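Each reported figure results from applying straightforward, stated rules to the coordinates on display, with no laboratory input. Computed from a prediction, not measured in an experiment: that's the story for all the values here. Positions of Cβ are backbone-derived with ideal geometry, glycine not excepted, and every protein chain shown enters the neighbour counts.
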């Protein structure tokens with residue numbers, strides 16, 4: 001599937017995150033100082049919404065139990081999660097933030 005519009009630049013100011021659903025899949029999109037990242041929104045530990053987690057640099061902390069993930073790679077960085085989440089490619093075209101789902 002080609003890149004799909006997930007949000008507009010105006011909907012994702014720096015330091016913000018947004019959960020979108022594309023083809024039935026929940027995806028968390030983050031704007032970190034003008035760099036956009038997209039990962040699966042659901043924490044593999046207990047299903048916490050990663051789009052609602054605190055972001056420090058390029059890491060997000062699950063708001064439910066504190067598992068940490070790398071926004072660029074989806075790799076888990078700290079327990080209680082023991083598996084990665086999918087990281088998706090993002091591109092900005094005009095004012096559209098598009099995700100490769």
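Observations
- Ordered by the number of other Cβ atoms lying within 10 Å of each residue's own Cβ, fewest first, 50, 88 fall into the sequence 88, 50.
- Between the range 43-62 and the range 74-90, the Cα center-to-center distance that results, in Å: 9
- Label assignment, log10 I(q)/I(0) by the Debye sum over Cα atoms at q = 0.19, 0.24 Å⁻¹ derived from the structure, set (1) -0.91, -1.52; (2) -0.90, -1.36; (3) -0.82, -1.26: (3)
- Relative contact order, whole percent, for the chain stands at 28, derived from Cα pairs under 8 Å and 6 or more residues apart.
- Exposure proxy for 70, 41: other Cβ atoms within 10 Å of each Cβ, ordered fewest to most, give 70, 41.
- Sorted fewest first by neighbouring Cβ atoms within 10 angstrom, 29, 22 come out as 22, 29.
- A Stokes-Einstein calculation at 37 °C with viscosity 0.692 mPa s, built on the Kirkwood radius of the range 53-101 over Cα pairs, returns a diffusion coefficient of 280 µm²/s.
- The range 66-101 residues near the modelled residue 9 label - backbone nitrogen below 19 Å, point 7 Å along Cα→Cβ: 90-100
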